[in-house]
Amino acid sequence: YYHAKANVYNAYKGLFTLSLSLEEYSGGAHGNYVTQIYLFDNKGKNLTWNDVIVPDGEKKLSPILQTYIAQHLELPPNTKIADMGLLIIGESIPLSQYFRLSPAGLEVVYNPYEIAAYAVGSINFTIPYSQLKGILKPEYL
């Protein structure tokens, strides 16, 4: 089977989000699912990380992502990446392909297999804007 669902979220600071939830099963041990999020400005441009974070923002954001992923996995916040059981080589958390800016903050989604095994499930969290000063461009705070 294949199932798809689309949602459009209204503007935050003139932005809007298209969210696609996709599920499929074509045999085997389990199906798969993914959430795809696309952030657009009011002119219809699909925004990327480079559009919303400052030039060195990724380096500053990685330890915050690490803390939120640890929390999601019910691990102590200072757990090293190598001790989290993730599918990551290196000492920094990669930016997820899927994110959006909402009234609550920066919402990040890591889908199954993106950084962790299928059994972990989707890793989703929201980082409040108060933690993103010096990371997000000022117009998005």
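The values are calculated or read from the model by the stated rules, or taken from the named source; none is laboratory data. Note that the structure is a prediction, hence the values are computed from the model and not measured. Cβ placement follows ideal geometry from the backbone for every residue including glycine, while neighbour counts extend to all protein chains displayed. The accessibility values were calculated without ligands, DNA or RNA, using every heavy atom of the protein model including side chains. Shrake-Rupley method; radii C 1.70, N 1.55, O 1.52, S 1.80 Å.
If the requirement is being crowded, with 17+ Cβ neighbours inside 10 Å, at pLDDT 95 or above, closer than 30 Å to Tyr12 by Cα and under 17 Å from the mean Cα position of the chain (by Cα), which of these qualifies: Leu106, Leu73?
Just one listed residue meets the conditions, Leu106.
Say we look at region 117-131 and pick out the residues that are in contact (Cβ under 8 Å) with a residue 40 or more places away in the chain and either part of a strand (DSSP E or B) or not β-branched (Val, Ile, Thr) (or both); which of these is farthest from Leu61 (Cα to Cα)? Write out each step before concluding.
Taking region 117-131 first, the residues in contact (Cβ under 8 Å) with a residue 40 or more places away in the chain are 118, 120, 122-125, 127, 131.
This time we only want the ones that are either part of a strand (DSSP E or B) or not β-branched (Val, Ile, Thr) (or both), so: 118, 122-125, 127, 131.
Details: Tyr118: 24, Ser122: 20, Ile123: 16, Asn124: 15, Phe125: 14, Ile127: 10, Gln131: 9 Å.
Checked region 117-131; the qualifying residue farthest from Leu61 (Cα to Cα) is Tyr118.
When you scan region 84-103, do you find a residue that is of a type in the set (S, T, N, Q), in contact (Cβ under 8 Å) with a residue 12 or more places away in the chain and under 20 Å from Lys5 (Cα atoms), even just one? Show your work before the answer.
Taking region 84-103 as the starting set, the residues that turn out to be of a type in the set (S, T, N, Q) are 92, 96-97, 102.
Next cut, in contact (Cβ under 8 Å) with a residue 12 or more places away in the chain only: 92, 96-97, 102.
Add one more test, that the residue is under 20 Å from Lys5 (Cα atoms), and what stays is 97, 102.
Yes, because at least one residue in region 84-103 is of a type in the set (S, T, N, Q), in contact (Cβ under 8 Å) with a residue 12 or more places away in the chain and under 20 Å from Lys5 (Cα atoms).
In this structure, is Ala11 more than 27 Å from Lys133 (Cα to Cα), open to solvent by 50 Å² or more (accessible area, probe 1.4 Å) and either in contact (Cβ under 8 Å) with a residue 12 or more places away in the chain or not in a strand (DSSP E or B) (or both)?
It is false that Ala11 is more than 27 Å from Lys133 (Cα to Cα), open to solvent by 50 Å² or more (accessible area, probe 1.4 Å) and either in contact (Cβ under 8 Å) with a residue 12 or more places away in the chain or not in a strand (DSSP E or B) (or both).
Tell me which residues, restricted to region 55-83, are part of a loop (DSSP other than H, G, I, E, B) and either under 28 Å from Asn7 (Cα atoms) or in contact (Cβ under 8 Å) with a residue 24 or more places away in the chain (or both).
Leu73 - this is the single residue of region 55-83 that is part of a loop (DSSP other than H, G, I, E, B) and either under 28 Å from Asn7 (Cα atoms) or in contact (Cβ under 8 Å) with a residue 24 or more places away in the chain (or both).
Among (1) open to solvent by 40 Å² or more (accessible area, probe 1.4 Å); (2) of a type in the set (Gly, Ala, Ser); (3) in a loop (DSSP other than H, G, I, E, B), there is one condition Ala6 misses while meeting the rest; what is its number?
The number of the failed condition is (3).
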